[in-house]
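Written below as structure tokens is the structure these notes are about.
The values are calculated or read from the model by the stated rules, or taken from the named source; none is laboratory data. As the structure is a computational prediction, the values presented were derived from the model and not from experiment. No Cβ is skipped: glycine too gets one built from the backbone with ideal geometry, and neighbour counts run over all protein chains shown. Ligands, DNA and RNA are stripped out before the accessible areas are found, and what is left, the full protein with its side chains, is counted by its heavy atoms. Shrake-Rupley method; radii C 1.70, N 1.55, O 1.52, S 1.80 Å.
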Amino acid sequence: MSAGGFRGRATVLVVLAGILALALSGCVSKEDSTGALADASVDPAQLAGLTLRVGDQKGGTESLMRAAGELDSLPFKVEFSTFTSGPPEIEAATAGKIDFAVTGNTPPIFGAASNAKIKIVSAYTNNAGGDVILVPAGSTLTSVEQLKGKKVAVAKGSSAHGNLLEQLSKANLKLGTDVTPVFLQPADALSAFSSGAVDAWAIWDPYTAIVQQDSGAKILASGTGVVNGYGFGIASNEALADAKRNTALRIFVEHLAKASKWASANVETWSQQYAKAIGIDPQAALAAQQRSVRPAIEIDDTVVASEQKLADAFASAGQLDHKPVIADFVDKRFNSAVAPYAVSGQ
């Protein structure tokens, strides 16, 4: 391994250090006769003793909201738990261990397919430029078509999994038949990528930017124009059914939308704070945020249809046990809170 490659691996491993999932307790959910969750609320003054439990990924929601000053005036406490990727966040929300988390576009699909006890309650967008397939600096691969017969590291159920599936489909290749997925979380994927145990790595920012800068890894394919660049806020059914937690969620989602708008308008300032939060080079942080910052959008029929299309692709590829109906896992109750800070269009 080259010195640059070693530094790249070490840098990402430092970023990943300390990433844990914490087990916390939940409350009992309440549904009406149709299975819909009631949208009850309380006066925010009643939230002083409440702690909202939020799943996070390193340098994600907490860092963004602190940089934007959007945690300062909340009328309740927030406890952040750090996860390696979106799928474990979905599992934790289903188990009632967290109330809310932001994931990529694919984790809610796998959650819906397993009948997770969650709803998509907020949405964020970009052009998917940081969701890529990387190859080592010395690789002779120059096209997705050349991945036939190769091994690709990817976190199962992550946005990178969705990008890999769609990139292969575009190249008339099938995941699992023409290309072997090696399902690994980022730390282990980095080791496999650096050692040559896999030929490519489907991954997202900031890992994309870090590995590009430190090892000279090349982008074989970008998600831009191939997959939607959505991120989603998911909430546990238990939290949505509890009047106090539901009220806190509405306030939190609104403040997160404000923070996302601030970051979009202040990318350089935000990237500096981001670099400090996750301990990476400021240039890598800037590269990541220039292409991967996600302003909020309202959840509309276009968003739901795009997610359904991706779910259908996973089902057709045999990556899901059954095809979920995404609309059944969407709750638009917070659209009005997000609207003042949302960007128009997708």
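Remarks
- Only Cα pairs under 8 Å and 6+ residues apart enter the sum, and on that basis the relative contact order of the chain stands at 27 percent.
- Part-to-part distance (alpha-carbon centres) for the range 243-292 and the range 123-155, which is given in Å: 25
- Solvent exposure of the range 132-222 amounts to 37 Å² per residue of accessible area, where only protein heavy atoms count and the probe is 1.4 Å.
- Per-residue ellipticity at 222 nm computed for the chain from its helices equals -12000 deg cm²/dmol, with DSSP H segments shorter than 4 residues left out and the rest contributing -39,500 (n - 2.57).
- Of LYS97/LYS150; LYS218/LYS276; LYS174/LYS218; LYS148/LYS332; LYS58/LYS218, those spanning more than 32 Å from alpha-carbon to alpha-carbon: LYS97/LYS150; LYS148/LYS332
- Length-normalised contact order of the range 132-222 in % [C-alpha pairs under 8 Å, at least 6 apart]: 51
- Subtracting the Cα-Cα distance of LYS170 and SER143 from 0.36 nm times their residue separation leaves 8.6 nm of extension gain.
- Set of aspartates and glutamates near LYS258 by C-alpha distance (under 15 Å), chain-local residues within fewer than 8 positions excluded: GLU62, GLU70, ASP72, GLU298
- Sorted peptide list for 283-296, 134-147, criterion being average Cβ within 10 angstrom, highest first: 283-296, 134-147
- Aspartates and glutamates with Cα under 12 Å of LYS119, excluding same-chain neighbours fewer than 8 positions away: ASP99, GLU238, ASP328, ASP331
- Taking HIS161, HIS255, HIS322 and ordering them by how much accessible surface each has at a 1.4 Å probe, largest first, produces HIS322, HIS255, HIS161.
- Dipole magnitude (debye, nearest 20) for the range 132-222, charges at Cβ of Lys, Arg, Asp, Glu: 220
- Given charges at Cβ of Lys, Arg, Asp, Glu: the range 132-222 dipole, positive-most of LEU168, LEU190, VAL154: LEU168
- Only protein atoms count toward the accessible area here, which uses a 1.4 Å probe; on the range 132-222, the carbon and sulfur part of that area reaches 46 percent.
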